[in-house]
Amino acid sequence: MEETEAEVAPALIAVHPHRSSVAVAVGCDLRVFDLLAGVGVTLLDDSSSSSSSSSSSFHKDSIRAIRFSANGKLFVSAGDDKTLKIWSSISWRCIFTLSSEKRISAVAISNNESYVCFADKFGVVWVVDITGFDANQPLLDKKPTPLLSHYCSIITSLEFSPDDRFILSADRDFKIRVTNFPNKPLNGAHEIQSFCLGHTEFVSCLAFFQAQEYQQHLLSGSGDSTVRLWDVSSGALLDTCEVANKAGLLESNGNGKSEEHGHAVTDLCTTLDGVALLSHNVSAQTLTLAKVVSIEGEAFVPTSLGYAPSARELWIVTGVSSLPGCSHPSFARVRVISGIDIEQEAVVLEDEKMPGGEKLLETLQGTASVDENVFLAAAEAVKAAMHNLLIKKQYPSESRESRKKTRNDRKLKQ
Amino acid sequence: MPETGVKSTFSKSTGLPRKRFYRARAHSNPLSDSHFPVPISPSHVDYSIHFPQIFPDSSKKIQFADVGCGFGGLLISLATLFPETLMVGMELRDKVSEYVKERILSLRVANPGQYQNVSVVRTNSMKYIPNYFEKGQLSKMFFLFPDPHFKEKNHRRRVISPFLLDEYAYVLGVGGIIYTITDVEELGDWMKSCLENHPMFEALTEKELEADPVVKLLSSATEEGQKVARNEGQTFQAVYRRIVLTEQTS
């Protein structure tokens, strides 16, 4: 039953909370552009100096998760090479490399920057104490300790609540688990606050929406083409937005992705054909689709989003780690939508108007110009990869029965 | 199977289903992808299918869960001991859960008014416990003679494990009791140490064990327990209470 084709990883994007830099991960490449200085950043990693790997690949296999910490001091990257790297986002030096037993599928950093959590392919969430790190000094050898576990399910997203009281984990079995994050997480997180149940396909992404200090709402996107709004402490489903239906899309098996929008009344979500803005009415606890921004002229299927609240910009990326039968080993395309606001008209910026201009595109995409023809192939590859990874295979009952008949553990009668 | 064959799976004298027609493999892989329907959330569990005489007129909730109920011996004993309590058995092997279902239906026919509070679901409880029960809904959970999974590689398939206890602590109300028993000493030690080391469970005292009528049923009521008794084997039990988590400051 081994898949013969190579696994394809979608491109990821992360924007610094103060918009000082942007990071894009495609395959095992990590690319960072300094928006303030307007130059590409050279990453430094002393820990892997022994291996004479090429300068841009600090990870030896596809990166599956990247993220800045809440105040932007730290950046983490992790993925299929079973390593997690913590970078200082000031010096862009790797301050800590950690190896996991299994492939890493999601990462989160507590908002007080004391703990880094990551989830592996077996559904176990691990925690590392990084209290008192020094940006100039590499962290000492720290071992991850297991925090909690989903029973043999791939964890697709990890998120701390804004007040660090809860850690949330979403999985392929339609579940979102809300766990109390203890004072001493190294002893494990045993007290489950709630389960958010309602999705009917894998949950792909989580995002918190904080309107007021005491009101924390969770948004989740799923393969069932809905974005749902939850009350975290009770696990109650507050509202459901059928993104695919409302946007008039026919596709339903897509990679719905929601992303937090720091503005008071909106939230957003990408669908297969572009970016959809959702309006979140806090007092009525409802979600409605505000608008769909489509990207003209390109078959752009966003694989990841990043939001820059200060500039009201939404950074989007599409791309894959490898394209079968194509000269490009990897492919990434970065676009920026400005004017993310309910009153304003959202504009997809032309390449020359992008912050950082051509230099940024060269850094993050690897090339300033992109071959139009690869878009569709990339979109297909992303869809197929997501489907292979997260959708459960359905076998008809006849084939299950015939497999039972041909089982090989039965003793042969002589 | 021809039409006439269906009836013969029931015993002529007792009207109960005959076990020999529901033989199944002793083990089932809990890690494999499930293809049976699972309720989206506890509010989607249809009580009127499970307890047709009691629902929809009642607002009761299931309070006892026998995880890996096997052929249902304990459930049948509990049903008459706690006639007012709703209870459910959870079994992964479909033939076995089918047997328990038929057994309950036949008992309901043979004893009008009785056994209306007991039912069975075919599910993987290691994966889907939160889909069936709300937070703190249960007052008793049973894990009787579970699959020992001797190999260290397969320890993560054990139904009692440090991580799964977090989920059991979630569905058990404070004061709820978890009953485990096995005839495999190694597994008995494992289950005891898992429960002992979990901050949300405490052991029942000897006195409390004496006073609890359910404890006696653990080894006497189940098919597995009777088998062990026939062979004069030893059993190892661990009975723990769900307590409020107090975070250690030391």
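The values are calculated or read from the model by the stated rules, or taken from the named source; none is laboratory data. Bear in mind that the values here come from a model prediction, so they are computed numbers and not experimental data. Cβ sites come from the backbone with ideal geometry, for glycine too, and all protein chains shown count toward neighbours.
Table for the structure above
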quantity: Strands (runs of 3 or more DSSP E) contained entirely in the stretch B:152-249, each with at least 2 residues that are touching a Leu at 6+ places or on another chain (Cβ under 8 Å), buried (at least 18 other Cβ atoms within 10 Å of the Cβ) and at pLDDT 95 or above; calculated: B:172-182, B:236-242
quantity: Residue B:72 surrounded by fewer than 24 Cβ atoms within 10 Å (Cβ to Cβ) and more than 15 Å from residue B:51 (Cα to Cα); calculated: no
quantity: Counted residues, the stretch A:381-401 - those being β-branched (Val, Ile, Thr) and surrounded by fewer than 14 Cβ atoms within 10 Å (Cβ to Cβ); calculated: 1
quantity: Filter result for the condition that a residue is more than 22 Å from residue B:221 (Cα to Cα) and touching a strand residue (DSSP E or B) at 6+ places or on another chain (Cβ under 7 Å), over B:135, B:127, B:153, B:101; calculated: B:135
quantity: Conditions (1) at pLDDT 85 or above; (2) over 23 Å from residue A:125 (Cβ atoms): number failed by residue A:230; calculated: (2)
quantity: Subset of the stretch B:138-168 (residues that are more than 12 Å from every other protein chain (Cβ to nearest Cβ) and under 17 Å from the mean Cα position of the chain (by Cα)); calculated: B:138, B:139, B:140, B:141, B:142, B:143, B:144, B:145, B:146, B:147, B:148, B:160
quantity: Among residues of the stretch A:1-38, those that are at pLDDT 85 or above, more than 16 Å from the chain's Cα centre (by Cα) and of a type in the set (Val, Ile, Thr), counted; calculated: 1
quantity: Residues of the stretch B:113-127 satisfying the condition of being surrounded by fewer than 20 Cβ atoms within 10 Å (Cβ to Cβ) and out of contact with any Lys or Arg (no Cβ under 9 Å at 6 or more places or on another chain); calculated: B:113
quantity: Residue check for residue A:111: without any contact (Cβ under 8 Å) to a residue 12 or more places away in the chain and either more than 23 Å from residue A:224 (Cα to Cα) or within 12 Å of chain B (Cβ to nearest Cβ) (or both); calculated: no
quantity: Boolean, residue A:119 is under 21 Å from residue A:164 (Cα atoms) and surrounded by 20 or more Cβ atoms within 10 Å (Cβ to Cβ); calculated: yes
quantity: Single residue of the stretch A:166-211 satisfying the filter (among the hydroxyl-bearing types (Ser, Thr, Tyr) and more than 10 Å from chain B (Cβ to nearest Cβ)) that is surrounded by the most Cβ atoms within 10 Å (Cβ to Cβ); calculated: A:169
quantity: Restricting the stretch B:176-224 to residues that are hydrophobic (A, V, I, L, M, F, W, C) and in contact with a His (Cβ under 9 Å, 6 or more places away or on another chain), the residue that is farthest from residue B:143 (Cα to Cα); calculated: B:200
quantity: Residue within the stretch B:214-226 that is over 15 Å from the mean Cα position of the chain (by Cα), among the basic types (Lys, Arg) and within 14 Å of another protein chain (Cβ to nearest Cβ) present; calculated: no
quantity: Verdict on residue B:145 being touching a helix residue (DSSP H, G or I) at 6+ places or on another chain (Cβ under 6 Å) and hydrophobic (A, V, I, L, M, F, W, C); calculated: yes
quantity: Breaking point among (1) free of Cβ contacts under 8 Å to residues at least 40 places away in the same chain; (2) among the polar types (S, T, N, Q); (3) under 26 Å from residue B:212 (Cα atoms); (4) in contact with a Lys or Arg (Cβ under 8 Å, 6 or more places away or on another chain), for residue B:97; calculated: (3)
quantity: Any chance residue B:71 is under 11 Å from the mean Cα position of the chain (by Cα) and in a strand (DSSP E or B); calculated: no
